[in-house]
Amino acid sequence: MATALILMCLLLNFYNATIINWINGKQEVRIGYSDSGNDAGWCTAAWQLYKNLQRFAVATLQYGMNPPISPKPEWRTLMDELAVNATNEYRSIVFRILNFLNTSVSSHPS
């Protein structure tokens, strides 16, 4: 949805002219998350944010904006693998703790 929004803005002549002429073809986009880290851990959340930012970059290149520096393909592959492993490890820790807490609470009378 956010990518579609920036594309709609860039279709406006005055907006596009402002970016190209006044700020040297650069559009700052700030991205963030609220609970993504709670679901998959910070490593995976940060990597997903980066990949979303890349979608913005692809969407804006057609309007003459400056391209961002992209990581090497092998780094992307490594980060995708790391994100999967980090998510699995994060969830195993969280579920182990939740299981421990549930077992602990259920074994003690109120």
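The values are calculated or read from the model by the stated rules, or taken from the named source; none is laboratory data. Keep in mind the model is a prediction, meaning the values are calculated, not measured. Heads up, the Cβs are rebuilt from the backbone with ideal geometry, glycines too, and the neighbour counts pull from every protein chain shown.
Residue 71 meets each of the listed conditions (1) assigned to a helix (DSSP H, G or I); (2) at pLDDT 80 or above apart from (1). Identify all residues within the stretch 20-54 that are more than 10 Å from the chain's Cα centre (by Cα), at pLDDT 75 or above and farther than 18 Å from residue 91 by Cβ; write none if there are none. Result: no residue meets the conditions. Note on the stretch 88-110: among residues that are of a type in the set (S, T, N, Q) and at pLDDT 75 or above, the one that is nearest to residue 44 (Cα to Cα) is 88.
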